[in-house]
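Novice: Pasting in a structure now, in structure tokens, and then I'll have a few things to ask.
Each value in this text was obtained by applying a stated rule to the coordinates, not by laboratory testing. A quick note: this is a predicted structure, and the numbers were derived from the prediction, not measured. Here the Cβ positions follow ideal geometry from the backbone for every residue, glycine too, while neighbour counts run over all protein chains shown.
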Amino acid sequence: MLSDALIITRREVRDSLRDWRIVAPILILTLIFPWIMNLSTRLAINFVEQYNATIIPLRLVPFAVMIVGFFPISFSLIIALETFVGEKERSSLEPLLDTPISDASLYLGKLLAAMIPPLFASYLGVAAYLLGLYLSIQYVPEWSVLFQILMTTTMEALVMVSGAVVVSSHTTSVRAANLLASFIIIPMAFLLQGESILLFWGQYDVMWYILALLLVADVLLIRTGIRTFNREEILAREIDELNLGAIVRLFRRFFLGAHFSIARVYRDDVPRLLRENRLPIATTLGAMLIALIGGWVFALWFPLPADLIGSIKIDPELIRQQTAFSGNSILPRLDAGAIFFYNLRSLLGFALLGLFSFGSLACLPMVTTMGLVGFIIGEIRVLGMDGVVFLAAALLPHGVIELPAAILATAFALRAGASIIAPPPGVTAGENLMRALADLVKMILFVVLPLLALAALIETNVTPQILIWLYGR
Amino acid sequence: MPPLIETLELTKQFDTLTAVDHLTFTVAEGEILALLGPNGAGKTTTVRMLSSILKPTSGSARIAGHDVVQDARIVRHLIGHLTEFPGLYLRMRPLEYLDFFGELQHMPRATRCARAEELMKHFELWDARDRRLGEFSKGMRQKMALIRAMLHAPRVLFLDEPTSAMDPHSAKQVRDAIATLRGSGHTIFLCTHNLYEAESLADHIAVIRRGKLIAFGAPAQLKRDLLGLPLWQVRLTRPLNQPWPYLNGHLQIQAQDDISLSYHTASPEITNPLLLRQLQAIGADVLTLQEVPRSLEEVYLRLVQDSSGQSGNQ
């Protein structure tokens, strides 16, 4: 399999290196950009050293290495995005598909071909930058940090390429592939910002976790790519034009179905959607459970001093004050409408982020909430009280309704985010995204909204009474 | 000869569109089958299924006894496919391009080099071997694509419009090459709109419309089936002053005047000599007696129109 893949890789790499539109920017980013960065770094170091801020250059260089390394690999996305669909548009794909090469070899060959030149340029750029620094200011990097950055860069290239190859093999035109690329670029931008903060902050240990997460993402994406890559589907679909009208019609078709009625939604659609989305629901539940346990373990590792917390005592006056509280940017006022809109806004906001992060960021509110819940239970246990009773009183009355709503919204957003890179057989990436969005909207409108409204009413009127009854005396 | 290509109720459905609808036919080893049909009739989909690129929705197809779904990789070794568009890698040079496809077919390096040289010389492209494919003319590109399809000496060749972009000289070269390949035992599946090409090369013609096989047979047989008995015409050197001899009803007269007679006959080998003798007996001098040529185009147009009428009635 690998030998066949390498035949494809060799040809494609040679072809890329003959294309000045790829070679010129890579050369600039490999040779000229590191030199400019080198100059900037030295200027910055000279400047901050006037004020004895020696820590800044120490933190600046790893960040600059990351940037120098990342720019060339951004080209891997361009190469990968057009790898299948571009060949299809140029009619050169069919002769390739006529050969005895297996689907997996073809996929791997293209994947490697899209990665190798930009990655090589990236390593070369980093080497040029560091060599320049060594020759000018005798800077020697911390080898473990350099290793982390190079590995992270490699893993990022693999994430972008494997995602882009999936997109390329499930779209019908280069234009469509480029538009869908934003679903890869945006999460990478978030990731880079996160890495930048960590590097400036000097939290190099956390980089190992990022590396591990990227590795998992790589394995998942490559596995998805090999599983969903199918020469039949690439050729069976004719190239079409993307237009808003067609997108709206597609959405309507998935949302309304053949015969739309509210009764039908509750009788047929909702049970079907729940069955079809068992995997994202299970994934959400799994992530929540891990967060719950993580929060609890964290509380055991870092118990708060008992005198800091004291025993739990809830003053009815506090509840009254909270009801009168006008709310702020973080917490809502304690009334049903405010809670309802707050919860809805959070879920929708993270669902939107989920769309641009392969679904992962959609899980963030639930994971954070459950982490906090686990932490609180743990702390209460440390105090010698029954955390489960507190949880039952503070969360369960409304949580029994609110949690399923949030889990469903999260699971469907997770699926929508992942839909780009995991289209089922016979469906393009765009169609799969539209189908997932239609299902998400249907679920939110007909299930999540009513449940959230009911939960908000209970949270305002019932939960405080139970808490006062239990802890107010 | 055992069939090298066999299809049985071969069907391909794309959503609500039935692109190929229960096709059943066979092509024997060393034969050429021309597949005709209007645009969108399902020709390319049929070839893609036979090339193991598309999976049939139902029915089956075998190439040299190998199932196109189960033994897809073997089938792709056995076939060569000239696609509708040449689809070359334009930044590559010809030998490098052919080497790439030869390697994918697992041909030894020496064999693929020798074969590439042989074919490039045959198609008069050898002198252009150092140019990039992007610098080739349309016809040269089509020839390169044909060489690519023939490189690994496949037992079955699928040719989709092989001469569509070629000048008459190049087109003749390709037709000659196809005829030579048939002579050496290759089986050829030819999709074309060029009816002259189909008629001059094919042993059998298949006509499909809206995915359905509407005619299959040898060109002469199709003409007979669809256009009736061959039409003969006798012309005299001067007008005849008496009635034409009718040979006791053996001739079905199509048209006549005092200098020519057009007729159908079921047994020309008997009736034509008899007619000539009778004309001689009455003193008529015969200038010519010949079969009126009937083109495949007539057959094709009649088939397509009939089929269209039937669909319209449905």
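Novice: In debye to the nearest 20, how big a dipole does segment B:185-314 give about its Cα centre with +1 on each Lys and Arg Cβ and -1 on each Asp and Glu Cβ?
Specialist: So the dipole magnitude of segment B:185-314 works out to roughly 240 debye.
Novice: Is there a simple number for the mean count of other chain Cβ atoms within 10 Å of the Cβ of residues in B:47-55, and what is it?
Specialist: Per-residue shielding by partner chains comes out at 4.
Novice: Now, a different point. What ³J(HN,Hα) values, in whole Hz, does the Karplus curve 6.51 cos²θ - 1.76 cosθ + 1.60 give for segment A:438-454 when θ = phi - 60°, with x put for Gly and Pro?
Specialist: 4, 5, 4, 5, 4, 5, 5, 5, 9, 10, 5, 4, x, 5, 5, 5, 5
Novice: Using only the alpha-carbon atoms, how far is helix A:204-228 inclined from the longest principal axis of chain A? Give it as 0 to 90 degrees, nearest 10.
Specialist: With rounding to tens, the tilt is 70 degrees.
Novice: Oh, and also: Between the DSSP loop rule and a limit of at most 13 other Cβ atoms within 10 Å, which GluC sites (Glu not before Pro) in segment B:89-198 are left?
Specialist: On the way: sites: B:Glu96, B:Glu103, B:Glu117, B:Glu118, B:Glu124, B:Glu135, B:Glu197; in loops: B:Glu124.
Taking segment B:89-198 and a limit of 13 other Cβ atoms within 10 Å, the loop GluC sites (Glu not before Pro) found are B:Glu124.
Novice: Would you mind checking the tilt of helix B:94-104 against the longest principal axis of the Cα atoms of chain B, expressed as 0 to 90 degrees and rounded to 10?
Specialist: Taking the Cα atoms of chain B, the angle to B:94-104 is about 80 degrees.
Novice: Here's another thing I want to ask about it. Give the shape of chain A as rounded, prolate or oblate, defined through the alpha-carbon gyration tensor: a ≥ b ≥ c are the square roots of its eigenvalues, a/c under 1.5 means rounded, and otherwise the shape is prolate if a/b is larger than b/c and oblate if not.
Specialist: oblate
Novice: Among A:Leu17, B:Leu50, A:Leu146, which comes first, then next, by fewest other beta-carbon atoms within 10 Å?
Specialist: Least to most surrounded, the residues fall as A:Leu17, A:Leu146, B:Leu50.
Novice: Moving on. Pop the C-beta distance of B:Ser267 and B:Glu298 into the FRET formula with R0 = 30 Å and round what comes out to the nearest 0.05.
Specialist: 0.85
Novice: Read phi for every residue in segment A:90-102 and hand back ³J(HN,Hα) as whole Hz from Karplus 6.51 cos²θ - 1.76 cosθ + 1.60, θ = phi - 60°, with x for Gly and Pro.
Specialist: With coefficients 6.51, -1.76 and 1.60, one gets 8, 6, 9, 7, 4, x, 5, 6, 6, 7, x, 4, 6 Hz.
Novice: Turning to a different aspect of this structure: With a 10 Å radius around each residue's Cβ, average the other Cβ atoms per peptide and rank A:43-50, A:378-385, highest first.
Specialist: The packing order, highest mean first, is A:378-385, A:43-50.
Novice: Calculate how steeply helix A:396-418 sits against the longest principal axis of the alpha-carbon atoms of chain A, using the helix alpha-carbon long axis, and give the answer as 0 to 90 degrees to the nearest 10.
Specialist: That helix lies at roughly 10 degrees to the long axis.
Novice: Can you work out the FRET efficiency for the pair A:Met1 and A:Met385, with r the C-beta to C-beta distance and R0 = 51 Å, to the nearest 0.05?
Specialist: The computed FRET efficiency comes out at 0.30.
Novice: Still on this structure, I have one more. Suppose the chain between B:Asp127 and B:Leu227 were pulled fully straight at 0.36 nm per residue; how much longer would it get relative to their current alpha carbon spacing?
Specialist: Net length gain for the segment: 31.2 nm.
Novice: Same structure, new question: Ignore the peptide's own chain and count Cβ atoms of other chains within 10 Å of each Cβ in A:16-25; give me the average, rounded.
Specialist: 1
Novice: What ranking do A:115-123, A:266-274 get when scored by the average of other Cβ atoms within 10 Å per residue, highest first?
Specialist: Values: A:115-123: 22.3, A:266-274: 13.9.
Highest-to-lowest ranking by the protection proxy: A:115-123, A:266-274.
Novice: Evaluate the charge dipole of the protein assembly as shown about its Cα centre and quote only its size in Debye, nearest 20, assuming +1 on the Cβ of each Lys and Arg and -1 on the Cβ of each Asp and Glu.
Specialist: Taking the Cα centre of the protein assembly as shown as origin, the dipole is about 300 debye.
Novice: Let me ask you something else. Under a point-charge model restricted to the Cβ atoms of Lys and Arg (+1) and Asp and Glu (-1), what is the dipole moment magnitude of segment A:1-150 relative to its Cα centre, in debye to the nearest 20?
Specialist: 400
Novice: I've got another one for you. Could you give the length gained on full extension between A:Leu372 and A:Trp301, defined as 0.36 nm per residue of separation minus the Cα-Cα distance, in nm?
Specialist: Additional length available on full extension: 24.1 nm.
Novice: Please work out how much length the chain gains when fully extended from B:Val69 to B:Ser164, using 0.36 nm per residue of separation minus the C-alpha to C-alpha distance, in nm with one decimal. The partial results should precede the final answer.
Specialist: Details: separation 95, 0.36 × 95 = 34.20 nm, distance 3.02 nm.
Stretched fully, the B:Val69-B:Ser164 segment lengthens by 31.2 nm.
Novice: Sort the following peptides by mean Cβ neighbour count (other Cβ atoms within 10 Å, averaged over residues), highest first: A:170-178, A:282-290.
Specialist: Final packing ranking: A:170-178, A:282-290.
Novice: Still on this structure: Mind checking the mean number of beta-carbon atoms from other chains within 10 Å of the Cβ atoms in A:79-91?
Specialist: 1
Novice: How high is the FRET efficiency between B:Ala110 and B:Thr57 when r is their beta carbon distance and R₀ equals 51 Å, given to the nearest 0.05?
Specialist: 0.75
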